[in-house]
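Down below is the structure, laid out as structure tokens.
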Amino acid sequence: MTSILILNGPNLNLLGTRQPEVYGHSTLADIEAMCRAHAAARGAEMQFAQSNHEGALIDQIHAAKGVHAGIILNAGAYTHTSIALMDAIASVELPTIELHLSNVHAREDFRHVSYIAKVALGVICGFGAAGYPMAMDALLAHLAQKG
């Protein structure tokens, strides 16, 4: 069975109360439940994790090699600052999708730069919580094509 790591970065633990006009009203627990149901319906397994600490995210990425077939990463603000996360993704050589709840391209200029996109299979942004199942479907389709 195909296994996916869904990894969430800083401040995503505050979803539902943090700037709902930008990030929506879904909590991270709501999103996790939606992802678990979506994975089950697709015959996939998933691990869901969140950390506010860059090193913990890197450790999760490293640990994914040989365990998961791919990664969905909502790195939050680390997207725009973390060469270390970019290097970790490149190092494990797992297909990774960059995900954002908001449309980062319609926001502040500094959010237009992504280190993660340089090593990602693709980027999904601007669809709120619905972006998670979109990312799962895209990753699972990519993995199915690879055989």
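Quick notes on this structure:
- Yes/no for I6 being β-branched (V, I, T), crowded, with 21+ Cβ neighbours inside 10 Å, assigned to a helix (DSSP H, G or I) and touching a residue at least 24 places away in the same chain (Cβ under 8 Å): no
- Residue under evaluation G43, criteria (1) free of Cβ contacts under 8 Å to residues at least 24 places away in the same chain; (2) out of contact with any Lys or Arg (no Cβ under 9 Å at 6 or more places or on another chain), criterion not met: (1)
- Residue match in the stretch 77-92 (condition: among the hydrophobic types (A, V, I, L, M, F, W, C), under 24 Å from G16 (Cβ atoms) and either in contact with a helix residue (DSSP H, G or I) (Cβ under 6 Å, 6 or more places away or on another chain) or not in a helix (DSSP H, G or I) (or both)): no
- E98 vs. criteria charged (D, E, K, R), more than 16 Å from Y115 (Cα to Cα) and not in a loop (DSSP other than H, G, I, E, B): no
- Matching option when the condition is touching a residue at least 40 places away in the same chain (Cβ under 8 Å) and over 16 Å from the mean Cα position of the chain (by Cα), among V113, V67: V67
- Number of the exception - L57 against (1) part of a helix (DSSP H, G or I); (2) more than 12 Å from the chain's Cα centre (by Cα): (2)
The numbers here are math on the coordinates, done by the rules we state, and not lab data. All figures in this text were calculated on a predicted structure; none of them were measured in a lab. Neighbour counts run over all protein chains shown; Cβ positions are idealised from the backbone, glycine included.
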